[in-house]
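Worksheet: the structure to be examined is printed underneath.
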Amino acid sequence: MTEKNMPLWEVFIRSRTGLSHRHAGSLHAPDAEMALQNARDVYTRRGEGLSIWVVPSSAITASDPADKDTLFEPTASKVYRHPTFYEVPEEVGHM
Amino acid sequence: MYAQALNVAEQATHDDPEKLARFQARIDAEEKIEPNDWMPEGYRRTLVRQVSQHAHSEIVGMLPEGNWITRAPSLKRKAALLAKVQDEGGHGLYLYSAAETLGVSREELVEQLHSGKAKYSSIFNYPTPSWADMGMIGWLVDGAAIMNQIPLCRTSFGPYARAMIRICKEESFHQRQGYEIVMTLARGTPAQKKMAQESLNRWWWPALMMFGPSDAASQHSDQNMKWKIKRFSNDALRQKFIDATVPQGHFLGLTFPDPDLKFNEATGHWDHGEIDWAEFNRVVKGEGPCNRERIKARIKAHEDGAWVREAALAFAAKRAARKAAAKIAAE
């Protein structure tokens with residue numbers, strides 16, 4: 001069957017709010033241009049976005065869920081990275 | 001539109017008990033399970049089945065309504081119906097993508113639908129002989145689908161939950177446009193009102209069957225609840241749908257084809273008559289009024305569209321070859 005060759009693409013959309021492109025989903029298409037056109041039809045039927053990125057799914061390198069604990073452990077112990085770690089007298093007001 | 005709890009018997013699997021316990025602990029902590037995470041084989045299989053049946057339901061669900069696109073009574077209705085059917089195609093694609101993250105290919109899924117191995121919601125095996133049916137599908141079928149799909153936005157498998165959030169956002173337009181069609185007919189000429197009533201008489205019971213077998217007969221609800229694939233039982237969702245829908249019908253001066261339908265002051269719910277499960281089982285097993293026609297239409301659409309897929313691939317190859325040639329020439 002011909003479709004075995006139909007590559008998978010990940011679709012990212014930037015909404016009107018000006019935030020970063022955000023993952024919307026995926027789709028199959030023969031090449032990047034057609035993936036963009038399909039993404040327009042499948043993921044932006046109601047003015048969801050102002051910009052679309054399509055990326056071949058095979059091009060994404062992902063962290064291994066099994067490594068989650070070791071990978072993110074260093075962040076857990078660094079409370080001084082958060083504003084609430086520091087004490088500011090109430091009289092100073094909001095900071 | 002809708003995934004039906006068809007409850008096919010699941011074979012026992014032999015998963016590592018320690019991994020299984022860790023998996024259940026994650027579910028209990030309301031963590032989402034993602035495609036690359038470890039999961040029990042039964043969980044994977046249940047999800048592939050449920051998500052793909054849900055996708056098939058969306059795709060087959062385009063057919064009963066597609067029947068009326070060329071004969072919609074006004075341009076406004078035609079545009080709305082086209083948009084709704086297009087949404088259903090989109091919903092099918094979101095769901096196929098979610099199923100594919102579990103390691104099954106699109107081709108396999110389509111093949112399962114065409115060969116009859118995979119099921120889809122029984123509701124789409126009923127015919128749509130009148131325009132009022134377009135209203136009834138939006139109001140009742142999409143209404144029932146929304147009842148079922150809102151809790152699925154919190155289902156434990158991440159890609160499925162995310163697809164459902166997107167679908168639910170789009171689905172409320174479907175139900176409102178359906179109700180508006182029914183309302184227009186119910187407030188129209190006596191013949192139009194009769195058409196609406198006749199359509200409601202045909203769709204009411206099949207719509208209630210969409211929630212799947214009653215809890216007493218449902219074989220797999222327990223495990224699916226434990227895995228938080230499902231969050232409410234079939235009967236609980238069905239009751240919610242009846243309670244929401246009956247007053248909407250009475251508002252239009254329509255009656256429901258159930259002599260036992262009665263508001264129960266004590267429980268605050270609408271009591272209803274017995275559902276004809278023999279009919280449900282017949283339709284699920286392929287003996288509904290339109291089962292053969294639906295699958296035939298799907299296979300024909302797939303085969304007739306083969307040249308488009310082949311042309312797109314050939315065009316992509318040609319474009320890539322041209323780009324490569326231009327690059328060589330430039331060097």
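Cβ-to-Cβ counts within 10 Å put B:Val308, A:Val54 in ascending order as B:Val308, A:Val54, the fewest first.
The local environment of B:Ala325, defined by Cβ-Cβ distances under 12 Å, has a net charge of +4 under the rule Lys, Arg +1 and Asp, Glu -1. GNM remark for chain B: springs join alpha carbons under 10 Å apart, and the peak mean-square fluctuation among B:Leu47, B:Leu313, B:Leu208 falls on B:Leu313.
For B:Lys194, go through the lysines and keep the ones whose alpha-carbon is under 24 Å away, minus same-chain ones fewer than eight residues off. In chain and number order, the partners are B:Lys76, B:Lys78, B:Lys262. If you run the Gaussian network model on chain B, springs between alpha carbon atoms under 10 Å, then out of B:Met225, B:Met183, B:Met62 the most flexible one is B:Met225.
Across peptide B:315-323, the average count of Cβ atoms from other chains found within 10 Å of a residue's Cβ is 3. Within the listed set B:Lys194, B:Lys84, B:Lys76, the Gaussian network model of chain B (springs between alpha-carbon atoms below 10 Å) gives the highest mean-square fluctuation for B:Lys76. With a ≥ b ≥ c the root eigenvalues of the C-alpha gyration tensor of the stretch B:126-213, is it rounded (a/c under 1.5), prolate (a/b larger than b/c) or oblate? Judged from the Cα gyration tensor, the stretch B:126-213 comes out prolate (a/c at least 1.5, a/b above b/c). Here the protein assembly as shown yields Rg over Rh of 1.02, to two decimals, using C-alpha coordinates and the Kirkwood radius.
Relative to the dominant Cα principal axis of chain A, helix A:32-43 is inclined by about 70°.
For a straight C-alpha distance cut-off of 20 angstrom, the lysines reachable from B:Lys32 (same-chain residues fewer than eight places away being disregarded) are A:Lys68, B:Lys19, B:Lys226, B:Lys228, B:Lys230. Reported to the nearest whole Å, the Cα centre-to-centre distance from the stretch B:173-231 to the stretch A:57-95 is 47.
Quick check on chain B: take the gyration tensor over C-alpha atoms, sort the square-rooted eigenvalues as a ≥ b ≥ c, and tell me if it's rounded (a/c under 1.5), prolate or oblate. Oblate. Classified by the C-alpha gyration tensor, the stretch A:8-92 has an oblate form. Its axis ratio a/c, with a ≥ b ≥ c, is 1.5 or above, and a/b does not exceed b/c.
The slack between A:Asp69 and A:Arg16, meaning 0.36 nm per residue of separation minus the straight C-alpha distance, is 15.5 nm. The Cβ shell under 11 Å around B:Asn201 holds other residues with a net charge of 0, Lys and Arg each +1, Asp and Glu each -1.
The numbers here are math on the coordinates, done by the rules we state, and not lab data. Just so it is clear, the structure is predicted and the values come from calculations on it, not from any experiment. Neighbour counts are summed over all protein chains in view; Cβ atoms, including those assigned to glycine, are modelled from backbone coordinates with ideal geometry.
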